[in-house]
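Notes for the one structure printed next.
Derivation of every value follows stated rules applied to the coordinates shown; laboratory data play no part. Because the structure is predicted, anything quoted here is derived from the model rather than measured. Counting neighbours? That spans all protein chains shown, and the Cβs are built from the backbone with ideal geometry, glycine included.
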Amino acid sequence: MERLVSSVSRPSIGSIRCLPQLMLNVRGAHKVHRESFLNASSSNYIDEMYEQWSKDPHSVHKSWDLYFRNQVYQRPPTLGVNPPSPALTQYYQMTGFLQQQPAAASQQQTQLQTISSGTGGVQELPLDMKAIQDHMAVQALLYGHHEAKLDPLGILEADLSGERPEGINESDLDRKFILPPITFIGGQEKELSLREIIRRLEDVYCQTIGLEYMYINSYEKCNWIRQRFEDPEQKKLGIKDIERAVKRLIRASKFEDYLKKKWSSEKRFGLEGCEVLIPAMKMVIDTAAGKGVDTIIMGMPHRGRLNVLANVTRKPLEELFCQFDPKLEPSDVSKKTPKSYIVGTGDVKYHLGTCIERLNRASNTMVKFALVANPSHLEAVDPVVQGKTRAEQFYRGDKAGDKAMSILLHGDAAFAGQGVVYETFHLSDLPAYTTHGTIHIICNNQIGFTTDPRMARSSPYCTDVARVVNAPIFHVNADDVASVLHVAKVAAEWRCTFKKDVVIDLVCYRRQGHNETDEPMFTQPFMYKKIHKQTPVLKKWVDQLISEGTIKQDWYEAEEAKYQKILDDAFANSKSPAYAKDKNWLDSPWKGFFTGKGPFPYPKTGISEETLKTIGVKAHELPEGFALHRGLKRVFENRAKMLQEREVDWALGESMAIGSVLLDGHHVRISGQDVERGTFSHRHHVLHDQDKDLVFHVPMNYLSPTQGHYTICNSSLSEFACLGFELGYSTTNPNSLVIWEAQFGDFANTAQCIIDQFISSGQAKWVRQSGICLLLPHGYEGQGPEHSSARLERFLQMADEDEDQVTEIKETKHLHHNDLAMYQLDDVNWIIAHLTTPANYFHILRRQLALPFRKPLIMMSPKSLLRLPECRSSFDEMTTGTTFKRIYQEEGAASQNASDVKKIIFCSGKTYYDLYKERANNKLDTEIAIVRIEQLCPFPFDEIRKELEKYNNAKVCFAQEEHKNMGPYTYCKPRLACLLRSMNDARAGEINTCYAGREAAAATATGIKSSHYLEQKTYMQQAMAF
């Protein structure tokens, strides 16, 4: 069924549909083609009527009975003409419907069909096609509505003509028509006049609620929705519900008035024009809490955030008001401690989140609210909320989403325009990502900043993206509070019943400009003339309730005065520094994690050799009768051989790390495109039976009965939403190892928003730590510009480390560290590594959970090194007492006679093996020392100082396979120079002249093989030259 779009001034909001045999005209718009009698929509209806007829022929109109009895309708997949069942034949004989008829009849009015009788005779039955067509046209009315009064401004109208179905005349309005089983407008009546059918349908579908749900391919779900909107009893509100909603609307409206009065020139992105959002959210929460939900994870844009904080999470008003005071500093910062250490840069008040647990009075249960902090990048928080919700459900064993639920708030322009909305929707039903239904609420201001919807989207509705997952969409006029509350209640019931997404479209307006200092009349003069005349929803509804006698004037005034006093008292108290604490804005508190004050030693991450062998064996055990791929049999045999030789390659080292973390009782989750096998066919943590479909085995979940759970899951082909999901997952519990692996590191920039706005700066802005690990395959191997570089330089550029200062422990800043390596890790915003050995990979993964704090780990993971014979590590580098090495010193011939070494090359990652081989080929083992910087950030100044002092006569060079304007060179060069200057070393002036690597370029790599090999040869020659 097509939707019709009015060409008035902008896309139509009403859910207008073209129905079978029903022709609707739209002024100024193109005509919609008429649907055929048996198209997709009408045939669905006939199927339903056939089901009803087959159970009880009395339940349908006579014309339908004749239609089905004469086999005019052939239900797929039956293609031939079948006789009626014996039971139906008996029924027809008893009622006289089955009888011999004359052979001749008018082809225009009667059609003859021949069927086989039970006795072998031939019978001919009359069929009134006119009656059937009339019934079909009338039944079609039940599939949709003509128009709905959704816009409180009255600007957006469907503007449909009142044409009736073809073939229906004025005289037909009083004819009785059978009501199908798909409607509840009849109550106990089974047939109604056409006039009454239209009146009742208008009452349901053509007022202030517009429904979209007919695309849902479930008879049960569609009927569930119909019943809740077509039954008038469902919409009635009790006096307690009304009084509660009035109180909530008072709070929502007066809160905005108060902020406007006290801080008129401050940006606050208020909720004026959509104040009904607060009672709507509260109704959703009340209903869900009444059905057992006790944890609500929320994400939203900046508009209305302060109001949601104040009146949904009920964050103390004092904490909100003190954010408006530019002179007030957080009280959890010591006078001796620089503010930047604890609170970082901070963020504007309308981006902040919180976590609060409080009593829900409607359900009389405790409910935890977490509002996730969000940047101005609209909709970016969506997958983060979903990941956090999924984690909450996992740790609680909430497998069906009965206890934890997510609510996402959106703007109309962002919901339609931001691709991450689509990506997030596509995670909603994936087994490893589902949160068992999200309630989406759109504050439909009918504008995006200054952009009219006609220029902002091609679809009729901003909500159309939700149709891809069959989510029902409830459009509602935000000035009709009773309808909004009903829609909110039904939406919450839908989610708790079916565990599927649902969308509430609050069609409202924005009373101010984009912010309170913006002038909207520049671009929307017509709309804002209407808005300036618009009566606020609180006054409109209260006046109506008082005139009806539902509430009394003095009761309302008393409630208004009560909240005014609350606001005044909170404002007076907000001037106390006691309310200005950054920890009050933490959306993911980790109770019991930050306990000690140190000093904390650098962690030893080695494990016993026995444990290494146990993991190595059990990680490759198969269930009895499991058919393993023959290629994997060879892989497993090679790994068994490595275990015997006490060594590991990259894949086995990873299994050792993950297995040991699991044996420690921690949860491990790895996700990304193709992670189960591994992009380069190296991991194989999910094994598939070659003889049985959908039979698979995850050996890492069978290491020990007391181990943590291992989740490894291939993701959808998305980076933005999937990385955001894993970030949200990682913030829930600090004692889990959460890893996201890119298919190639080159593709990670599709998720750049999550990397820039959340991962690199999350702690500085929102005091929120995360230990998420990003594995980004990186390496120049002739595969072209999109399969070579994870853009290491960009991550290094975002590190908050000063390149002009050699890091030293400062007692005034860190009282709990006496180890420089630990001090640096705690002080930096994230850790960036480019490793060269499986042992170091093993240690850095284990170190993520061994640290007393959490930092994101960005790792350039290898490709060719996965199978390079030289890239292996001994058990001796991984056993008890060993630890992660920030650098690998030169251990060859050059280290034996350091004073004779002419050149010291610093490098990282795969290029080390190329340099090592080139040095050997040139017989320069005693003249060139090679030092591998494994941990690039934080920069290991202390370890590199030792190497510079040791090779004090050697020329300092930095080598990399990346282009000069990329890779780690631009990060390491100034730090090496700074370190040499601090040593009063003359080589500081030479550092700029000794570089070995590719020349600066626009693209990350060449796509021409011959050019790749030439570049490789050239920079190897540069590295070996003196």
Note to self: Of Gly625, Ile844, Tyr780, which is farthest towards the positive pole of segment 609-877's charge dipole, taken about the Cα centre with +1 and -1 on the beta-carbons of Lys, Arg and Asp, Glu respectively?
What the structure shows: Gly625
Next item on the list: Can you list which of the chymotrypsin sites (Phe, Trp or Tyr not before Pro) found in segment 816-909 are DSSP loop residues with at most 10 other C-beta atoms within 10 Å?
Entry: none
Notebook entry, point to check: Pairs Lys855/Lys917; Lys403/Lys489; Lys489/Lys562; Lys349/Lys562: which exceed 24 Å Cα-Cα?
Noted result: Lys855/Lys917; Lys489/Lys562; Lys349/Lys562
Check: Along the charge dipole of segment 509-599, Cβ charges K/R +1 and D/E -1, which of Pro589, Val537, Ser547 sits furthest on the positive end?
Finding: Pro589
Next item on the list: Pick out, in residue order, every one of the trypsin sites (Lys or Arg not before Pro) in segment 777-834 that is DSSP loop and has at most 16 other C-beta atoms within 10 Å; say none if there are none.
Entry: Lys810, Lys813
Check: So, by mean Cβ neighbours within 10 angstrom, what's the order for 749-755, 642-648, 595-601 with the highest one leading?
Finding: 749-755, 642-648, 595-601
Notebook entry, point to check: Of the listed peptides 961-968, 584-591, what is their order by residue-averaged count of other C-beta atoms within 10 Å, with the highest listed first?
Noted result: 961-968, 584-591
Margin query: Taking 8 Å as the Cα distance limit and 6 or more residues as the minimum spacing, I'd like the relative contact order of segment 887-1024 as a percentage.
Written below: 27 percent
Next item on the list: For segment 887-1024, give the share of DSSP beta bridges that are antiparallel, in percent and rounded to the nearest 5; count only bridges with both residues there.
Entry: 15 percent
Check: Based on the alpha-carbon gyration tensor of segment 488-554 and its eigenvalue square roots a ≥ b ≥ c, which shape applies: rounded if a/c is under 1.5, prolate if not and a/b is larger than b/c, or oblate?
Finding: oblate
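Please label the shape of segment 709-823 as rounded, prolate or oblate, based on the square roots a ≥ b ≥ c of the eigenvalues of the alpha-carbon gyration tensor (a/c under 1.5 means rounded; beyond that, a/b larger than b/c means prolate, else oblate). Display every interim value, and only then the final one.
Numbers: a/c = 2.19, a/b = 1.41, b/c = 1.55.
Oblate is the answer for segment 709-823, as a/c is 1.5 or above yet b/c matches or exceeds a/b.
What size of dipole, in debye to the nearest 20, comes out for segment 474-547 about its Cα centre when the only charges are +1 on Lys and Arg C-beta atoms and -1 on Asp and Glu C-beta atoms? Mind dumping the intermediate values first?
Numbers: 11 positive and 9 negative charges, 25 e Å.
The calculated dipole for segment 474-547 is roughly 120 debye.
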Notebook entry, point to check: Just how far, in whole angstrom, is segment 854-870 from segment 175-204 if you go by their alpha carbon centroids?
Noted result: 67 Å
Next item on the list: Can you spot the aspartates and glutamates whose alpha carbon is less than 19 Å from Lys62's alpha carbon? Ignore those fewer than 8 places along the same chain.
Entry: Asp47, Glu48, Glu51, Glu124, Asp128, Asp134, Asp172, Asp174, Glu189, Glu191
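So which GluC sites (Glu not before Pro) in segment 748-798 are both in a DSSP loop and have at most 15 other Cβ atoms within 10 Å of their Cβ?
Working: sites: Glu781, Glu786, Glu793; in loops: Glu781, Glu786.
In loop regions of segment 748-798 (DSSP not H, G, I, E or B), the sparsely surrounded GluC sites (Glu not before Pro) are Glu781, Glu786.
Would you work out if segment 609-877 is rounded, prolate or oblate? Take a ≥ b ≥ c from the square roots of the eigenvalues of the alpha-carbon gyration tensor; rounded if a/c is under 1.5, else prolate when a/b is larger than b/c, oblate otherwise.
Numbers: a/c = 1.70, a/b = 1.51, b/c = 1.13.
Prolate shape, in that a/c is at least 1.5 and a/b is the bigger ratio.
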